[in-house]
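The values are calculated or read from the model by the stated rules, or taken from the named source; none is laboratory data. Everything numeric here is computed off the predicted structure, so don't read it as measured data. Glycine gets a Cβ as well: all are built from the backbone with ideal geometry, and neighbour counts include every protein chain shown. These accessible areas exclude ligands, DNA and RNA; they are computed on the full protein's heavy atoms, side chains included. Shrake-Rupley method; radii C 1.70, N 1.55, O 1.52, S 1.80 Å.
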Amino acid sequence: MLSEKNLIFFRKMDAITLKKAWNECLTILKDIIPEDEFRIWFSELIPVKYEDNFLYINVPSNYYYEYIEAHYVDELIRTIRRVIDPSVKLRYMTKVTESDLMTMTSANHPVIENSLQNAPVILNNPDIKELPNPFIIPGIKPIKVDSQLKESYTFDNFVEGSCNKFARSAGYAVAQNPGKTAFNPFLIYSAVGLGKTHLAHAIGIETKRLHPEKTVLYISADQFLRQYVKSVQDHTTNDFLQFYQMMIDVLIIDDIQFLENKAGSQEMFFQIFNWLHSSGKQLIITSDKAPVDMSGFEQRVLSRLKWGLNAELQMPDVQTRMDIIKKKLEDDGNVSMPDEVIEYLAYSVNASIRELEGALISIIAHSTLSKRSITIDLAREIVDKFVKSNTREITIEYIQKTVCNYFNITMEQMLSRSRKGDIVTARHISMYLSRKLTKSSLVTIGDKCGKKDHATVLHACKSVENTCQIDKNYRKSVEDIEKKIIS
Ligand code: ADP
Ligand code: MG
């Protein structure tokens, strides 16, 4: 409690005494309010004056006023009464424009001078047109926030496979009930080109479809960072913060790794996160790695990222890659492409879906421009140019397909128990080449070659080696098939 003498000074609005009294209040509040909350909501408050038994506190935005009123008004009033005067009342002030201050009286003393509903909507910054944040202090007018969602990235064309099943269905659940599932934040991570951005948009689009009234915003972390930097230069960080906190129901931040080692923007993100999360709003975040592997982030930010659900996207298997190619061809106006080319592409492009798409587009473009039909040779030329830096993944399935094509038999025949000459030869050669060209164990090879045991595989391999030594034509066939596989 301040001494009577100080109080007199204080009533005379002595700035130093006011500051001292306020610091005393903060010391008390710090003990009763959780640390994070205190830092976010109280460290920015500034005592302005004490007049007519009202303590005026400057809050960075209306938002602070609302939050404090909703959560901590009792603690705050109790404290200022203890430190300053048992009958002191509280008023908040916030800057609305450079020249205009808005004052709100604490609800404990309902003498609203300037109600929030009548607050002017201002500060539309014309310099920031390309950015979605209109830097508007929320007021009466419902404003339209450009969601920045790409219409083509829907769930419908996000092909499902075991590589993305979990993330896809969690994302779907989020879109059904944004902010209401345990998946908040929902963090999607993967290497590049595996569908993070696509899935994030799909969730946004589906949310808008099911809940048109919700405001969804997609923003890359890079854009977020630029907005933040601009707001610091323009002294509008409060508006920046307020825009995110007040306007958005579903916030999608893509490629959060852009905020690595950027303390200021991480702090903003932290505050936005806390607010949105505690108000039941949904956060969807993508990253190039799992939170445990992220560096350059503050621990408290990382811990927030781990709160909800983290889901990984992996490189799709060959079958899913074929499905993706077919879907793209269909969406591209039903372009026809021979099955063997689709297979070839799916087998040989294995670094990312983006690369697969690139190779596909390139093949279509070449065939259109040079009026060549789409053949496996054309595909091979393009893939060789395109996928040069990647060693192609040779799978048992690819070997089996190539062998089947060579002997003109079907996969079913190859995997059957048939003892017919060609079929047995094909089966043996595919086991032999699987042993030679892949790292798979005898057990795996046997499993994939019609559920044979490892001794059968070993026997097949020996048999091929022996026959190669005594039969020139047979050896030539094995070499030809091998060349086809590794070319
Ligand atoms: P990331 O953000 O992980 O780098 P993107 O979302 O940009 O990857 O995906 C790269 C390309 O691959 C995009 O054109 C996207 O449409 C496509 N893609 C990714 N996953 C799928 C999928 N499951 N089905 C269809 N297309 C996909
Ligand atoms: Mg992306």
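Summary of computed values
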quantity: Unique match (being open to solvent by less than 30 Å² (accessible area, probe 1.4 Å), in contact (Cβ under 8 Å) with a residue 12 or more places away in the chain and either on the phi > 0 side of the Ramachandran plot or within 16 Å of ligand 1 (Cβ to nearest atom) (or both)) among I248, I253; calculated: I253
quantity: Verdict on P212 being modelled with pLDDT of 95 or more and away from ligand 2 (no atom under 16 Å from the Cβ); calculated: no
quantity: Residue selected from region 178-225 under the condition within 9 Å of ligand 1 (Cβ to nearest atom) and in a loop (DSSP other than H, G, I, E, B), by the criterion most open to solvent (accessible area, probe 1.4 Å); calculated: V192
quantity: Which listed residue, of L329, L345, is crowded, with 20+ Cβ neighbours inside 10 Å and among the hydrophobic types (A, V, I, L, M, F, W, C); calculated: L345
quantity: Residue within region 311-323 that is within 25 Å of L251 (Cβ to Cβ) and open to solvent by less than 10 Å² (accessible area, probe 1.4 Å) present; calculated: yes
quantity: So A460, is it in a helix (DSSP H, G or I), among the small types (G, A, S), in contact with a helix residue (DSSP H, G or I) (Cβ under 6 Å, 6 or more places away or on another chain) and not assigned by TED's automatic domain parsing to the domain that holds S348; calculated: yes
quantity: Single residue of R300, R304 found to be open to solvent by 40 Å² or more (accessible area, probe 1.4 Å) and either part of a loop (DSSP other than H, G, I, E, B) or more than 16 Å from L194 (Cβ to Cβ) (or both); calculated: R300
quantity: Cβ pairs under 7 Å, 6+ apart, first in region 402-427 and under 20 Å from R475 (Cβ atoms) and open to solvent by 50 Å² or more (accessible area, probe 1.4 Å), second part of a helix (DSSP H, G or I) and not polar (S, T, N, Q); calculated: Y406/I481; D422/F407
